[in-house]
Amino acid sequence: MHTVNEYLKTKYGCKVYKLSLQSDVTCPVRDGTIDTRGCIFCSEGGSGDFAACRTKSIPDQIMEAKERVSAKLKQDAKFIAYFQSFTNTYGDIDYLEKVYRQAMEPEDIVAVSIGTRPDSISEKMYELLGELNKIKPIWIELGLQTIHPESAKYIRRGYDLPVYDECVKRLRSLDIDVIVHVILGLPGETAEDMKETVRYVCSSGVQGIKLQLLHVLKGTDLYKDYLEGKVPVMTMEEYMNLLKEIIPLISDDIIVHRLTGDGPKKILVAPLWTGDKKKVLNAIRKL
Ligand code: SF4
């Protein structure tokens, strides 16, 4: 298994930190285009609760985000500008171009990572991303979560699998690296279902995968289902056992960007053990 930290250290010769930034966009599962309620698990922050303040300019957000990691900073550190919350290719293209260009401008920013959905990249946006990728690497992070239609319907993902396949094809034709988000532990999915999703992603031509254990966050519709007993959550031991089966499915050419997630503690309802990041990382190291 190749982790993103190892990959970046080898590529850039130093520690590379992600700076979470926000563009002023929404997403089609919130603005009424697909739905108004958001994906069932998504928090008010649009699944990016650790990002800098969205009302600030990008240069200010970069400064603010650097300050937040300043305690850990090594002198020769480099950064990746990361647009995580909401759908960061969904909005006015001139505005987004300005935002991306500002994010890639500082010399110590080595790449721009853009979180989005495969159904939210217009023709013009593909062109723009291809152009920018020639200046500095652009990574596109796609929230696929699962390949299973029933689960996709439950989480209100709002697009079908062929849309993902087509998007990956387009991005790869522009030589853009694609990182895919997968949620493990969706209600009703067996270990075999989750393994099928991981196998599918790994053979779909992408460069990275992010595995996230399903988190129940306050204020989400998933929380309501959880209160009604419809959302089983894994213990740490169960999750580690699952990872032991899943990690060998990830081929060496795919970079593992994450093996779990840590929802913001103030709204994290379950599983609470994920809040103890140190313990979780230690358990993962022992796998
Ligand atoms: S997870 Fe992404 S696509 Fe779904 S509601 Fe949240 S921001 Fe929108």
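Read-outs: derived from the displayed coordinates by stated rules, not from any lab. Note that the structure is a prediction, hence the values are computed from the model and not measured. A quick note on method: Cβ atoms are made from the backbone with ideal geometry, for glycine too, and the neighbour counts reach across all protein chains shown.
In table form, for the structure just shown:
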| quantity | calculated |
| --- | --- |
| Breaking point among (1) away from the ligand (no atom under 16 Å from the Cβ); (2) within 21 Å of Val25 (Cα to Cα); (3) surrounded by fewer than 21 Cβ atoms within 10 Å (Cβ to Cβ), for Gly91 | (1) |
| Selection from the stretch 163-182 of residues that are over 17 Å from the mean Cα position of the chain (by Cα) and either closer than 19 Å to Asp193 by Cβ or among the charged types (D, E, K, R) (or both) | Asp165, Glu166, Lys169, Arg170, Arg172, Asp175 |
| Only one of Ala81, Ala71 that is without any contact (Cβ under 8 Å) to a residue 40 or more places away in the chain and not hydroxyl-bearing (Ser, Thr, Tyr) | Ala71 |
| Spans of helices (runs of 4 or more DSSP H) in the stretch 173-287 with at least 2 residues in contact (Cβ under 8 Å) with a residue 60 or more places away in the chain and of a type outside the set (S, T, N, Q) | 221-227 |
| Any hit, the stretch 97-104, residues being away from the ligand (no atom under 16 Å from the Cβ), under 30 Å from Thr36 (Cβ atoms) and either basic (Lys, Arg) or surrounded by fewer than 17 Cβ atoms within 10 Å (Cβ to Cβ) (or both) | yes |
| In the stretch 105-121, residue farthest from Lys15 (Cα to Cα) [restricted to those that are within 16 Å of the ligand (Cβ to nearest atom) and of a type in the set (A, V, I, L, M)] | Ile121 |
| Residue satisfying condition, being within 11 Å of the ligand (Cβ to nearest atom), surrounded by 17 or more Cβ atoms within 10 Å (Cβ to Cβ) and either of a type in the set (Phe, Trp, Tyr) or more than 23 Å from Thr260 (Cα to Cα) (or both), within set Tyr154, Tyr159, Tyr126 | Tyr159 |
| Selection from the stretch 158-172 of residues that are among the hydroxyl-bearing types (Ser, Thr, Tyr) and part of a helix (DSSP H, G or I) | Tyr164 |
